[in-house]
């Protein structure tokens, strides 16, 4: 029987494409100028150029993505990973071009960790000899590696891993071994099927002493035919909530021998023969990579927020439901249903997410600048930035990835039923984004790093102030600055007496600063005076990290719009036209005020705000959303410049043809290939027509 | 090549099974007694009996569930739906036995809506003739129906649906038609492939007048061979975030004719010939079903909460990470890592979810009692309960399903990486639970119903109090009671002066009552005096509905433990032993206090609580969790009595053999059927061994 064909009907009026055109006409700024400010002209040009190549390569086709089971999706990703390497070789792509292409194809594959972790770790911790032996063939994809750190029983606590690498002086080898089931390597991206080498983190044991986790380059599959090497067992760990295009794997070693050169030896090494351990010169050097990854996750949080809210905002401008009786929407002389984007709840749910995406943009940029500056400083022996950057990158990774994961789900819900369809693009985005909240430092555990730094800074500041020769002018660090302002006047109250006064960056910054410092002071008091245990304070520590990092987001947003942020070396931010600046200021106001309004508790308990002010804040937000943000909503999301190919969404495409695209996708559902379902004979007909009767006699009920 | 075999190693000490045994020894109450209190002896016995049958039926086997793609999962569900009907027929199951079996198998299939909506709608709105003609064959599964209400362009606003049913007096038929693409029926469970009839909601048009949506029984597929009938086009709408075992479908009508008997005519009907419309006697009667569905969703929220937290709590008692230096965990003389359940953040994330599951239990029971009482009252013409029950069921559906959806995701995250594996059971639970927040009334829109009722009650109460002859003793409704208490003294402040005083139900109830009433008063003032538009108040209305419903949850929890809840007719709650009562009181305290602590804003702005009290509240919670709830955590989740077969979780099974079960599941991953991945020759070897070299020469790098 042939495939089903759905009728070719138009949607009822007004059409989605017309609605989006009307929305775009309301935008007060140039969308292209704002996109250019965000990405730079070169990026946007590159995107166009890459899209042409990518959309014409069958291995990068997305039309079956939502219909494939896990096995097929992995097969697709393997094919894609091969094709992208070939394309990159053919066009001699730079690293930037490669990453940009990957982000457009948006399908994590088996070679992702080879590029993302295996080669970078080699590059930063390998000796010249090791670079020659391992990195060069890795760059040619002869060696395909993975990064094997997490174990079945240990994720967050890397120091607790159980795999051992025991040095054997007699043969100058390491014996790599998995002593328990809990020591099996687990979750290792690319290990399941693709990789032939692994960067294995194992406890280095030499001369009877355990020196904790170290990195070893280990061949795991035959270069001849990809079979597992004797002494190694590895496989795929099975289906996941998302990321099913990657072969996360597990691995066991049975006294597997590798030569001494396997140990990455740029920083620490073993003396052959004696097995004497040579310590790394400075353990802090390894913090650099962590900071880089966490900082880059702020950027990917922005991406997640921006993609989800692009889809949800466009669809909300098209989807109409009920009539707002106080303010009915007219089409000519007829009342039509109100677009859901006009309802204040929908605005309260979506517009702060638009604002959050822009907030993360500025902070992500700043964190990358700080990372590079810190690396440069450390190379010349200056570690002064490290503690601050490490603390804020930890807390910001936690805060922004939590924000993004919640926001993607919220966007999905704002689309009503259709957000539940894979065709909306939102479920898969949510599923693939989800690991961000637990990997690269669990979002709860990470905040302890931020807390420790804040408490230490606070204690030092208090001591310095008490020392007698303190001058506020000495403070050149924004964290100490807000703490000092608080200590100058801990019982300060917010001076605002009208809703409009909240549209003032200084008022916003003062509120966030006072609240964060007040929480720090409370916790330090509880720990130092109240003698509360660290464990009993973990909830408060989580909250103080959030407070500190929200302040950073607000601060960078405000300074970024003003053009007051320091620039990375060799970079000039494109100019921001007045109209775009004004529109972004609305978002910056919304981000700050909504963050307070949503969770005003700490602003109230710190004594800084009072109840009437929270009420004014509510008015300020409603006014801002309705009058300022609503007309620009579509412009703001258009400026993110996500091509339809990337979003792969029936309801969030640029042209607003929601229902047509949705129906077209449904016709491709495999169950619609036949009119009568497989299984009818066995499972339905025995009830509905057990005797196998024919013809209209059976249909005579009506 | 043969399938991979993973090594058979034991996990490192201590073993999960030993840890759970130790946990169970700490429980202060009898788990079986608490289970019996929750479910009754008969339910628990029935569960054992059904499990034996179900676990031995191959069609109900779950071992492949996490590996199947959507097409295979649907095929499995069709087979299952056939098998469960056959089993029910064989064992002459009651409705209760059938539902219980379905909940254990836990796989929504193509016949679900036939039972859940098609037959109930027929039963409540069909005439005797229609029951004979449609319901009887439906009970035999000759007719398999679905419920076709939602359209591509209309979900929440049922009054806006576009499908028409025009009465044709000349032939005494209805012409059913889909005028636009947006009028296509969409999301209809069971329609995609399984159903041969549909209950179609269409605008009844007769004698030139549109009477809005009415229900029509419509044959859609041939009884002979299941092909689509001429004039009907229907298919599956494609893959979804969850619920992929159900064939949600879409449908178009092309001037499709059905006889007059298609219109369900118990309440409203058409006079043959003239086409005169006979109005229903009382439109309110149809609210009954909505109340039932919403009330039952409170029960399914409890289920979602309880399942997720069972898995997460058991795994958290087994998973160890870091050492809590202030209070190290010992095994014999050795320090071992601390189980994550001992960390206060993990407790703060999980224990309130345990408490919320119990809270929903009591309120779900009460809502079902009120539903039945209201139906009985309405039958005798008494509509006095309806408004209150309708308002609270709307708000509670919104609140509890939002709570459950967030909690399932939170539980998933508390399991770290392993919560991301489908084997944990949590992703599929989350995905299948997700539609609850948008279906049966979107969780934002619903709160307007609750708000309207609260504002009306408040205005009437204010008027009555102003009338001069008001006596507080006249109030016999808990909503009016808390509003009246507030009006008696709107500036009342919480008298608590120490953390321990918060463990007092009266203190908790007073706080929730004051906060809810204060919000109602503010909104009524803004609407009536401030002349704010309804749309501009929607966020506040959402919040007031939450506040009102949180109070209901707290109230029912407290009264339920005390044995003060009215009992449904003919039902006696099993006794609750003192130990269990005490333990449940800890949870009731935790539920109330954590709800305030997590979002203290409104309690503060209403002036009822102050900053020092919120701080005491925090202490009260931490003390309660560490001292009282922690020892009983495993007991509380064991009492939910979910069999391993139901949970289908590697990490949440009763025996605590987390890592063994997890590894065993991974061996069954289809990608592990071969050692070398399909696609190696095409996509990997061209990089790693392009010349097809053989032997150890290639492996000589080390």
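The values are calculated or read from the model by the stated rules, or taken from the named source; none is laboratory data. In this text the structure is predicted, and so the values were computed from the model without any measurement. Note: ideal-geometry Cβ built from the backbone for every residue, glycine included; neighbour counts use all protein chains shown.
One table, with the values for the structure above:
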| item | result |
| --- | --- |
| Search result, residues across the range B:142-155 that are within 11 Å of another protein chain (Cβ to nearest Cβ), surrounded by 20 or more Cβ atoms within 10 Å (Cβ to Cβ) and not in a strand (DSSP E or B) | B:143, B:144, B:150, B:152, B:153, B:155 |
| Scope the range B:649-668; condition under 14 Å from residue A:239 (Cα atoms) and part of a loop (DSSP other than H, G, I, E, B); matching residues | B:649, B:650, B:668 |
| Pairs with Cβ under 9 Å, 6+ apart, first in the range B:80-107 and on the phi < 0 side of the Ramachandran plot and surrounded by fewer than 16 Cβ atoms within 10 Å (Cβ to Cβ), second at pLDDT below 95 and assigned to a helix (DSSP H, G or I) | none |
| Candidates B:496, B:539, B:546 - the one that is over 23 Å from residue A:618 (Cβ atoms) and either in contact with a helix residue (DSSP H, G or I) (Cβ under 7 Å, 6 or more places away or on another chain) or outside any helix (DSSP H, G or I) (or both) | B:496 |
| Single match in A:482, A:453, A:444, A:433 (criterion: part of a helix (DSSP H, G or I), within 14 Å of chain B (Cβ to nearest Cβ) and either under 33 Å from the mean Cα position of the chain (by Cα) or free of Cβ contacts under 8 Å to residues at least 40 places away in the same chain (or both)) | A:433 |
| Exclusive hit being within 8 Å of chain B (Cβ to nearest Cβ) and either touching a helix residue (DSSP H, G or I) at 6+ places or on another chain (Cβ under 6 Å) or not in a helix (DSSP H, G or I) (or both), set A:190, A:212, A:194 | A:194 |
| Options B:36, B:52; residue that is over 25 Å from the mean Cα position of the chain (by Cα) and assigned to a helix (DSSP H, G or I) | B:52 |
| Residues that are more than 8 Å from every other protein chain (Cβ to nearest Cβ) and surrounded by 21 or more Cβ atoms within 10 Å (Cβ to Cβ), drawn from the range B:529-542 | B:541 |
| Test: residue in the range A:344-354 that is assigned to a helix (DSSP H, G or I) and under 22 Å from residue A:451 (Cβ atoms) | no |
| Matching option when the condition is at pLDDT below 95 and surrounded by fewer than 22 Cβ atoms within 10 Å (Cβ to Cβ), among B:504, B:469, B:484 | B:469 |
| The listed residue being in a helix (DSSP H, G or I), more than 20 Å from residue B:359 (Cα to Cα) and at pLDDT 90 or above, out of B:417, B:395 | B:417 |
| Answer residue from the range B:228-241, given it is assigned to a loop (DSSP other than H, G, I, E, B) and more than 10 Å from chain A (Cβ to nearest Cβ) and is farthest from residue B:436 (Cα to Cα) among those | B:230 |
| From the options B:600, B:575, residue that is in the same structural domain as residue B:305 (by TED's automatic domain parsing) and either touching a helix residue (DSSP H, G or I) at 6+ places or on another chain (Cβ under 6 Å) or closer than 24 Å to residue B:482 by Cβ (or both) | B:600 |
| Complete set of residues in the range A:323-382 that are surrounded by fewer than 15 Cβ atoms within 10 Å (Cβ to Cβ), under 27 Å from residue B:539 (Cα atoms) and away from chain B (no Cβ under 14 Å) | A:330 |
| Failed item, numbered, when residue A:294 is tested on (1) buried (at least 20 other Cβ atoms within 10 Å of the Cβ); (2) more than 32 Å from the chain's Cα centre (by Cα); (3) outside any loop (DSSP other than H, G, I, E, B) | (2) |
| Residue that is surrounded by the fewest Cβ atoms within 10 Å (Cβ to Cβ), among those in the range A:247-267 that are within 11 Å of another protein chain (Cβ to nearest Cβ) and outside any strand (DSSP E or B) | A:254 |
| Test result for residue B:671, without any contact (Cβ under 8 Å) to a residue 40 or more places away in the chain, in a helix (DSSP H, G or I), surrounded by fewer than 20 Cβ atoms within 10 Å (Cβ to Cβ) and within 7 Å of another protein chain (Cβ to nearest Cβ) | no |
| Count of the range A:268-277 residues which are part of a loop (DSSP other than H, G, I, E, B) and in contact (Cβ under 8 Å) with a residue 12 or more places away in the chain | 6 |
| For residue B:27: the one exception among (1) closer than 30 Å to residue B:102 by Cβ; (2) buried (at least 19 other Cβ atoms within 10 Å of the Cβ) | (1) |
| Residue B:616, sole failed condition from (1) in contact with a helix residue (DSSP H, G or I) (Cβ under 7 Å, 6 or more places away or on another chain); (2) within 13 Å of chain A (Cβ to nearest Cβ); (3) within 30 Å of residue A:237 (Cβ to Cβ) | (3) |
| Condition met for residue B:244 (at the interface with chain A (Cβ under 8 Å from one of its Cβ atoms) and either touching a helix residue (DSSP H, G or I) at 6+ places or on another chain (Cβ under 6 Å) or part of a loop (DSSP other than H, G, I, E, B) (or both)) | no |
| Checklist (1) more than 26 Å from residue A:677 (Cα to Cα); (2) in the same structural domain as residue B:254 (by TED's automatic domain parsing); (3) modelled with pLDDT of 95 or more applied to residue B:91, failing item | (2) |
| Single match in B:277, B:287 (criterion: more than 14 Å from chain A (Cβ to nearest Cβ), touching a helix residue (DSSP H, G or I) at 6+ places or on another chain (Cβ under 8 Å) and surrounded by fewer than 23 Cβ atoms within 10 Å (Cβ to Cβ)) | B:287 |
| Within the range A:156-176, tally of residues that are outside any loop (DSSP other than H, G, I, E, B), within 11 Å of chain B (Cβ to nearest Cβ) and touching a residue at least 24 places away in the same chain (Cβ under 8 Å) | 4 |
| Which listed residue is part of a helix (DSSP H, G or I), on the phi < 0 side of the Ramachandran plot and touching a helix residue (DSSP H, G or I) at 6+ places or on another chain (Cβ under 7 Å), from B:20, B:4, B:9 | B:20 |
| Lone qualifier among B:526, B:517 - being over 30 Å from residue B:376 (Cα atoms), part of a helix (DSSP H, G or I) and away from every other protein chain (no Cβ under 14 Å) | B:517 |
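Yes/no per residue for (1) at pLDDT below 95; (2) under 22 Å from the mean Cα position of the chain (by Cα); (3) within 14 Å of chain A (Cβ to nearest Cβ); (4) more than 30 Å from residue A:241 (Cβ to Cβ):
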residue	(1), (2), (3), (4)
B:86	no, no, yes, yes
B:98	no, yes, no, yes
B:124	yes, no, no, yes
B:138	no, no, yes, yes
